[in-house]
């Protein structure tokens, strides 16, 4: 794994941030202490968190993503962002989060793993600042209850094009934060969640999601890891 992250780091450092796309007017201003990582993306060194800016693109129907890369999978994602996937990954590393492994389907199923990541959403609606845990925007379709499990930093994967021999980061295809398992996801759910149309588990929680086009700020930070219980010496 260390060799893969060395390649990824070199790719991030070698390539200049992509130009910011033209967006509708947005008066968002980052805090002065935040460090810019690229378009719509910052790192807060004080709170060890990644901040990214996105917009609501879907409010109802089955989901595969909470967040996708803009211009890729808006038909199955609540939010879309122009922030570069590789830079999101690099920002999560700065928070101290540890990437695990993406989902594996063969030779047997292995769920995604990695540091659990909490996601808080901020937006303005009717002149007031609103806040929500991102899981509240995703509901289990049959039960109608909100998602209760945190996403984990699966870290996507690198692959080498057999023709060009160039290294590619799989999340560049758009799978940023998913509710269906993809080996390309940066953040994924740590249990089996199919992307097959007939078996999709999660849907948008329409009543809790603001109108399409609403700018939303996402705050991503690792969850504290509970310390193992102390082992007491036997008398």
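Computed from the coordinates by the stated procedures, all read-outs in this text should not be read as laboratory data. Because the structure is a prediction, the values reported are computed rather than measured. Heads up, the Cβs are rebuilt from the backbone with ideal geometry, glycines too, and the neighbour counts pull from every protein chain shown.
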(message) Report the Cα-based extents of the stretch 59-147 along its three principal axes, largest first, to the nearest Å.
(response) 50, 36, 25
(message) Based only on Cα atoms, what mean projected area does the convex hull of the stretch 21-85 have, in nm²?
(response) 5.2 nm²
(message) Which order do the peptides 114-127, 157-170, 70-83 come out in when sorted by mean C-beta neighbours inside 10 angstrom, highest first?
(response) 70-83, 114-127, 157-170
(request) First measure r as the distance between the Cβ atoms of residue 130 and residue 167, then evaluate 1/(1 + (r/R0)^6) with R0 = 35 Å and state the FRET efficiency to the nearest 0.05. (result) 0.30
(request) Multiply the residue separation of residue 142 and residue 33 by 0.36 nm, subtract the distance between their alpha-carbon atoms, and state the gained length in nm to one decimal. (result) 34.9 nm
(request) Summarise the long-distance tail of P(r) for the stretch 55-99 by giving the % of C-alpha pairs beyond 18 Å. (result) 38 percent
